[in-house]
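Written out below as structure tokens is the structure these notes cover.
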Amino acid sequence: MASWPQSPQQNHPQSLLFAGRLFHGLTSKSKLSVALKSVNHSIHPGDIVIIFCLLFSDKILALVQTMINSTFRKLRKVEAKPYNLSRLKTLSEPLTRFGLLTTLIYSVSLLEIFLKGLSVFPPKLQISSLTSIILYALWSWQILCKYKRKLILNNFRGPKGQAMLYDRILDFLISTILAFFLMETVALKFGVQLKSLFAFGGLSTVVFGLACQGPVTQLVNGLILTLSDKIRPGDEVRFGDEKDKTAGIVISLDWFDLLLRGYDESMVRIPNSEIANKRIHNISRDVRSQVKTTFGIRYRDLNNVENLIDNIKSQIKSDCEKVIADGSRPFWVHWREFEADHVTVVVDVHFDIRPGTTQYYDMRQKVLSCIKIATAKTGVPFAMPARVSLPSDETNYLN
């Protein structure tokens, strides 16, 4: 009777490959029975309960907070806090992620036990152990970086940019330690020498250096931007001149690039090397703004222009609270030009309001309303655009 050909990997039980073994293991009743029994003996009800509690830690902690609030209400000692503002809420997110990682690792462990029962994996190979070390190390790194950043930003008394620089330096150190730890773990699990991972020489070193030239430049520019404190996440900025039209809200200032949300809600990533060579206008740090407009008055109302100017000034001072009228900034209402059909009046005033905000545009609208009210009080209407029309015979005469 013909039999299936034996896989070459079966002659090497320590091989890391399981190609050619899986089919024979699944079709063998004895091996399949051993694998299922191994999985069944490995599952403990207590493990399932712990994983369930971790996955639903948010609901459980919310229930605990409700019980605490009810107890405080009965004792009438401390005002009850909502769950979203409590300290238990801050624990729910890391615990839930820890539960997801534990579920994944537990599943990988059961799969490994099943495959070893099928004689697919060699007994000495510990995939689940390596997976747990890597995932838990990454989880610990994320938690450490998060609370480290919060601790620095809340307690550092120097410039904000300097605090962010320290935060990034610590991020780099923690990431470097984590990388060496993971590589050493892989070396111990698989027998790979760590020094072989860094055995670059000759041409490979040159290629590696050229490949890293661009990222290193962006990294250095990012550190300079952070240290100079020119921009921060949440700032409204404009890069280059007005023709460039690169403007918006800074969402994040990362190691290699900046994420900018445009006024049309488009998300744009700009390399730090490009930002370093451009003019930066941080609109969020402007504390004062300007409103400037012009309108025309007819020549027949020229005698009332002075009264109109006085009325506009008094109306703006009375209606606009944050107008700067102490002489430190221009507060100008002048008639400046004689045009063909009207006299041009210029209104140029400044306010203690950030430009580009809703409050600024409300104030701009109020200035226009003050001009309208002043013209109505003075009895001087706006000059409408005039067009000269000649009869056809006069047009021929002029030609």
* aspartates and glutamates within cross-link reach of Lys322: Cα-Cα under 17 Å, excluding same-chain residues under 8 positions apart? -> Asp286, Asp348, Asp352, Asp362
* In whole Hz, with x marking every Gly and Pro, tabulate ³J(HN,Hα) for the stretch 317-323 from phi via Karplus 6.51 cos²θ - 1.76 cosθ + 1.60, θ = phi - 60°. => 5, 7, 9, 9, 5, 9, 6
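Can you flag which of Lys150/Lys278; Lys146/Lys278; Lys89/Lys230; Lys292/Lys313; Lys245/Lys317; Lys245/Lys366 are past 24 Å Cα-Cα? Working shown, then result.
Numbers: Lys150/Lys278 31 Å; Lys146/Lys278 31 Å; Lys89/Lys230 34 Å; Lys292/Lys313 13 Å; Lys245/Lys317 35 Å; Lys245/Lys366 28 Å.
Violating the 24 Å Cα-Cα cut-off are Lys150/Lys278; Lys146/Lys278; Lys89/Lys230; Lys245/Lys317; Lys245/Lys366.
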* Asked: For the stretch 289-378, what are the per-bin percents of Cα-Cα distances with bins 10 Å wide, up to the bin holding the maximum?
  -> 17, 50, 26, 6
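Quick one: grab the alpha carbon gyration tensor of the stretch 325-377, order the square roots of its eigenvalues as a ≥ b ≥ c, and give me rounded if a/c is under 1.5, else prolate or oblate depending on whether a/b is larger than b/c.
Details: a/c = 2.17, a/b = 1.59, b/c = 1.36.
In terms of gyration-tensor shape, prolate.
Laboratory data are not the source of any read-out in this text; all were calculated from the coordinates shown. What you are looking at is a predicted structure, and each value in this text was computed from that prediction instead of being measured.
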